[in-house]
Structure formats: structure tokens, C-alpha cells
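Colleague: Please find one structure pasted underneath; my questions will follow.
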Amino acid sequence: MSLLEFNHFSTLTTAITSVLSALLLLAVSRQLWTFRWTITRDRECKLPLPKGSMGWPLVGETFHWLFQGSRFHISRREKYGNVFKTHLLGKPVIRVTGAENIRKILLGEHNLVCTQWPQSTRIILGPNTLVNSIGDLHKQKRKILAKVFSRGALETYIPRLQDVVKSEIAKWCSEPGSVNVYTAAKSLTFRIAVQVLLGLTMEEGRISYLSKIFEQLMNNLFSLPIDMPLSGLRKGIKAREVLHECMEKIIEEKMQKQQSDGYCDAFDNMLSSAKENGLNLSIQELKESAVELIFAAHSTTASASTSLILQLLRHPSVVEKAKSELEANGLGCDSRCENCSASKQGNVDREDIPVKDGQTERDEIQNCCAGKEKICQGTGHCESVSDSGENNECSGSYLPHLSMEKLSQLRYLDCVVKEVLRFLPPVSGGYRTALQTFELDGYQIPKGWSVMYSIRDTHETAAAYQSPELFDPDRFGFDRDEMNLARFAPEFIEMSRSVLQVRI
């Protein structure tokens with residue numbers, strides 16, 4: 001063998017040895033990582049840990065989870081069952097599916113489990129938020145928020161909320177080409193949170209800027225808890241600081257300014273509720289609470305709204321049935337046009353048009369119809385024709401403001417919303433931390449481990465639903481009401497629904 005051949009052989013042998021050594025080291029480290037979590041089981045409990053994989057050292061299965069999305073949980077549920085272990089975002093996690101299992105978790109709040117968000121979420125949102133509160137402090141803060149989302153408070157928000165929605169949808173309709181519904185819905189829910197819940201007044205450019213900053217915060221909310229340059233956690237923290245800096249002056253001005261229009265937003269209700277409970281919130285607490293309120297109202301509501309539009313486009317029969325219900329309750333375009341047309345023809349005295357909300361409805365119909373013929377398009381878009389023959393938009397201003405009472409009468413629309421939340425839930429699950437070791441499906445859930453319960457998987461596999469793969473709002477109708485077929489299904493749907501109001 002020549003010297004050159006010997007050198008090549010030596011180099012190749014070294015390379016192969018290095019690769020094999022690295023692979024062996026990785027295999028050993030993974031086994032040690034798995035063993036490290038195996039010995040953390042509660043030795044006083046005879047039940048085994050759930051099946052599953054803890055992934056690789058430090059990162060666990062986080063990257064699989066991020067890249068595979070919902071398929072990650074589906075594949076592991078099919079392999080390991082309804083209760084399996086994994087390691088995500090720096091924490092050991094027990095993933096749970098099944099209504100009865102989740103019932104035990106939810107009813108065990110403050111006893112078996114406590115609310116626990118991922119560390120990155122808690123760091124980015126800040127130490128004074130509800131997601132970082134446990135025990136009595138958590139109960140106290142929830143008591144404060146109870147007034148924010150009470151029926152009376154919601155009744156107050158509705159008129160302004162409806163105005164913001166109408167204004168945004170008018171922009172969608174005026175733009176040429178197609179609309180990216182999810183992006184537009186996120187912009188809408190951000191505006192609702194800022195203008196309706198927080199009552200903050202900003203320039204258009206400022207709202208757009210803060211919306212993009214908040215999007216950066218949301219994109220990094222669930223990331224590895226590693227604070228280093230270019231990391232997701234660092235980006236999320238920077239976005240939070242920008243939001244706090246922008247909001248501080250606005251919040252200070254708002255606190256000094258007296259309410260001139262009598263409107264109390266969620267921020268006002270939170271301040272008054274805190275005072276009633278003997279708490280004086282600092283500026284830092286208010287800034288963190290403001291961001292948390294936006295967080296609670298933002299992505300999940302936008303996701304559910306997008307899913308609603310998607311399913312309505314796919315199911316025209318559902319649209320027609322919902323439209324008929326709206327018209328039957330005086331909320332459809334056609335019924336308003338009939339009043340307008342009849343009034344123009346002299347068949348109905350304008351004084352006979354119903355007086356609601358202090359004559360608002362009658363006045364708005366008169367203003368919209370005065371001197372004009374109404375034309376209603378099949379899309380629900382209303383136009384008016386002036387004496388000169390020109391088309392002019394009524395801008396939807398003739399529509400009366402909604403109310404909690406009117407909304408409660410829309411039974412079929414309620415079924416549609418429930419079916420959207422069942423079919424495409426906006427949140428895949430929720431987080432808890434085990435306060436003590438307990439049992440699920442014959443396995444031990446060790447004290448201190450994170451518990452991640454699955455909403456989506458449970459909806460898809462629940463025996464209560466007939467043909468769960470079909471979008472069918474009538475399953476929640478009086479004549480079927482499939483929710484009542486399972487012991488915990490009604491509470492579980494309502495839990496999913498409440499996520500849209502207060503995600504925390």
C-alpha cells in the first residue's frame with residue numbers, strides 16, 4: 001500500500017470513527033435523557049408513567065411539534081393512546097384526550113391541577129398577568145375580570161363593537177380583488193380590543209403599527225425559553241416592550257380623563273372592579289393587563305371568525321337558514337327594505353315603524369330611505385337610488401344596534417357558532433400543572449408535570465357526535481342536541497366557547 005493510499009484510508013477511518021462516535025454519543029445521551037424523566041415518576045404510586053417519547057436532550061420533541069402541527073398529536077395519540085408523555089418547550093408534558101379525562105382535569109382545578117402556561121408565554125406577557133397568577137391571587141384577579149365580562153358590561157360594548165365591525169367590513173368590500181380573511185380578521189380583532197375593550201383612541205397609522213408589533217409578540221409567544229439574540233423569546237420580549245412604551249402615555253391620559261360619553265370600556269370596568277376589591281393597580285400592572293386583554297381577544301377570535309366564513313362559503317344552505325332567522329327577528333336586510341319600500345309607497349305610516357333604542361331604528365330607516373328607493377342585493381349589501389338615478393350606499397347605518405336580548409333569540413345562529421367551535425376549534429388545547437400525583441386511564445400523572453388537554457382531538461373522537469367529519473349545525477338543535485348524549489359534552493363545548501371571550 002502506497003503512502004498516499006494509506007493516508008486516504010487513515011482519513012476515511014477517522015471520519016467513520018468520528019461519525020460512529022457522534023451517533024453513539026447521541027444515542028447514549030437520548031437514553032440518559034429518557035432515564036432522567038423515568039426516575040421522576042412518583043415512587044409512592046404503583047401506576048406507570050404514560051407511554052410516549054421524551055425526544056432529545058433539552059429540546060425534547062419541540063421541533064417535531066412546531067413543524068408537524070396538529071399531525072404531531074394525532075400520530076402520537078394513534079401510537080400511544082389518549083394519554084401519552086412528551087417533552088415540549090422545556091417541560092415534561094402529559095398530553096390528554098377524551099371528554100372524561102378532561103372532565104377530571106377541569107373539575108380538579110386548584111386541587112389536582114392549577115393553570116400553567118408555557119414559560120415563554122409567562123415571560124413575554126409579564127409577571128403581573130393572570131397567566132402568571134396561581135392560588136388566591138389567581139382567584140382575586142378572575143374576580144376582577146368577572147365584572148369586565150359580565151352581561152351588563154357586554155351589553156355596553158356591543159354598540160361600539162358593531163360599529164367597528166361594520167367599518168372594517170366596509171373597507172373589505174371597497175378593496176379591489178380578494179381579501180385574506182384571516183389577516184383581515186386579526187386586524188379587526190386587534191381594533192376591537194384596542195378601541196372597544198381598552199377604549200384607546202389612536203391614529204390610523206398608530207393602530208396599524210401596533211398591530212404589526214403585537215403580531216410579532218404572538219408569533220413568539222410559544223417558543224423555547226432561551227433568552228439570547230435572535231431567539232423567539234428575545235423577539236417576543238422586545239415586542240412587549242414596544243407595546244408597553246406606546247401604551248403607557250395613552251393609559252396615563254385615559255386615567256386622568258373623565259368619561260364624557262358615559263361609556264365604560266373593559267379597562268374602566270377593570271379599574272373600578274379593582275378598587276371595589278381593595279386593589280390599586282400600578283402603571284406596570286395596567287400595561288401588562290392591557291396586553292393580556294388584547295391577547296385574550298385576538299388570535300382565537302380571528303381564527304374562529306375565519307373558520308365561520310369558510311364554512312358559510314362551503315355550505316350555502318346554512319347561510320340561507322341563518323339569513324331567514326335574522327330576517328324573522330328583524331335583523332335582515334330584506335325586512336328593513338320592506339319597511340322602507342312600504343313607507344315610500346304610503347302603505348305604512350312611518351310612525352308605525354317600531355321604536356327601539358330611543359327611536360334610533362325608526363330615525364335610521366327614515367334617514368336612509370328619505371327621497372330614495374331601496375334596492376337590496378342578494379349579498380345583503382344595500383344600495384339606494386337617488387332621484388337623479390345615482391346609486392348611493394346606505395353604509396349599513398340604518399341597521400339597529402344589537403343587544404344581548406336580540407342575540408339570545410338567534411337559536412340557529414348559536415348552533416352554527418357551536419358547530420364551528422366543534423368542527424374547527426380555534427385553540428387546540430389548554431395547559432395545567434399537576435399539584436399532586438393522580439391517575440388518568442391507568443397511568444400516573446406525576447406532581448409537577450405539565451398537563452396539556454386536547455380540545456380538537458376530543459371533538460374529533462367523541463362518541464357523542466354522529467358523523468363528526470360533517471359540518472352540521474343542526475346537531476345542536478332542539479330535536480337532536482347531540483351535546484346531551486355525553487355526560488360532559490355540554491360543559492366541554494361551553495369551555496371551548498369561553499376561550500373566545502377570555503382565553504386565559
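Colleague: Compare the Cα positions of P159, I237, N219 along the charge dipole of segment 157-261 (+1 at Cβ of Lys, Arg; -1 at Cβ of Asp, Glu; about the Cα centre) and return the one farthest towards the positive end.
Modeller: N219
Colleague: Work out the FRET efficiency for S282 and L23 from their Cβ-Cβ distance, taking R0 = 56 Å, and round it to the nearest 0.05.
Modeller: According to the calculation, E is roughly 0.55.
Colleague: Computed FRET efficiency, Cβ-Cβ of S10 and R30, R0 30 Å: what is it to the nearest 0.05? Please report the intermediate quantities before stating the final value.
Modeller: Details: r = 31 Å, r/R0 = 1.02.
My answer for the efficiency is 0.45.
Colleague: Continuing with the same structure: Among 174-184, 462-472, how do they line up from the highest to the lowest mean number of other beta-carbon atoms within 10 Å?
Modeller: Numbers: 174-184: 11.2, 462-472: 15.1.
Packing order, densest peptide first, comes out as 462-472, 174-184.
Colleague: Okay, moving on. Once you have the Cα-Cα distance between E109 and T433, take 0.36 nm times their residue separation minus that, and quote the gain in nm to one decimal. Working shown, then result.
Modeller: Values: separation 324, 0.36 × 324 = 116.64 nm, distance 0.97 nm.
That pair, E109 and T433, stretches by 115.7 nm at full extension.
Colleague: Three principal axis extents, largest first, for the C-alpha atoms of segment 207-285, in Å?
Modeller: Cα spread of segment 207-285 along its principal axes, largest to smallest: 44, 30, 17 Å.
Colleague: Could you tell me what percent of the accessible area of segment 184-310 is made up of carbon and sulfur, with a 1.4 Å probe and every protein chain present?
Modeller: Carbon and sulfur together cover 52 percent of it.
Colleague: For segment 98-108, take each phi angle, set θ = phi - 60°, evaluate the Karplus expression 6.51 cos²θ - 1.76 cosθ + 1.60, and give the result in whole Hz per residue in order, putting x for glycine and proline.
Modeller: x, 4, 5, 5, 5, 4, 5, 5, 5, 6, x
Colleague: On full extension of the chain, what length is gained from T201 through V242, given 0.36 nm per residue of separation minus the C-alpha to C-alpha distance?
Modeller: Gain on extension, T201 to V242, equals 13.0 nm.
Colleague: Kindly provide the Kirkwood hydrodynamic radius of segment 1-156 in Å, to one decimal, from all pairs of distinct alpha carbon atoms.
Modeller: Computed over Cα pairs of segment 1-156, the Kirkwood hydrodynamic radius comes out at 20.1 Å.
Colleague: Return P(r) of segment 159-230 (all Cα-Cα pairs; 10 Å bins starting at 0; whole %; ordered from short to long distances).
Modeller: Here the calculated profile for segment 159-230 is 17, 44, 26, 11, 2.
Colleague: Is segment 120-176 rounded, prolate or oblate when judged by the Cα gyration tensor, a ≥ b ≥ c being the square roots of its eigenvalues, rounded requiring a/c under 1.5 and prolate requiring a/b larger than b/c?
Modeller: In terms of gyration-tensor shape, oblate.
Colleague: Right, here's the next one. When the convex hull of the Cα atoms of segment 98-153 is projected onto a plane and the area is averaged over all directions, what value comes out in nm²?
Modeller: If you wrap the Cα atoms of segment 98-153 in a convex hull and average its projections, you get 5.2 nm².
Colleague: Okay, moving on. Applying the Karplus parametrisation 6.51 cos²θ - 1.76 cosθ + 1.60 with θ = phi - 60° to the phi angles of segment 290-305, what ³J(HN,Hα) value in whole Hz is obtained for each residue in order, glycine and proline being reported as x?
Modeller: With coefficients 6.51, -1.76 and 1.60, one gets 5, 5, 5, 5, 5, 4, 5, 9, 8, 5, 5, 5, 5, 5, 5, 5 Hz.
Colleague: How much net charge surrounds R240 when only other residues with a Cβ under 15 Å from its Cβ are counted (Lys, Arg +1; Asp, Glu -1)?
Modeller: Every neighbour counted, the sum reads -2.
Colleague: Sorted from largest down, give the three principal axis spans of the alpha carbons of segment 154-303, whole angstrom values.
Modeller: 45, 44, 24
Colleague: Continuing with the same structure: What list of ³J(HN,Hα) couplings, whole Hz, do you get for segment 109-116 from phi and the Karplus terms 6.51, -1.76, 1.60, once you set θ to phi - 60° and write x for glycine and proline?
Modeller: Residue by residue, segment 109-116 yields 4, 6, 10, 7, 9, 9, 4, 8 Hz.
Colleague: Students sometimes get this wrong: rank E61, E203 by accessible area, probe 1.4 Å, all chains present, largest first.
Modeller: In descending accessible area the options line up as E203, E61.
The values are calculated or read from the model by the stated rules, or taken from the named source; none is laboratory data. Quantities reported herein were computed from a predicted structural model and do not represent experimental measurements. A quick note on method: Cβ atoms are made from the backbone with ideal geometry, for glycine too, and the neighbour counts reach across all protein chains shown. For the accessible areas, the whole protein counts, side chains as well, though only heavy atoms, and no ligand, DNA or RNA atoms are used. Shrake-Rupley method; radii C 1.70, N 1.55, O 1.52, S 1.80 Å.
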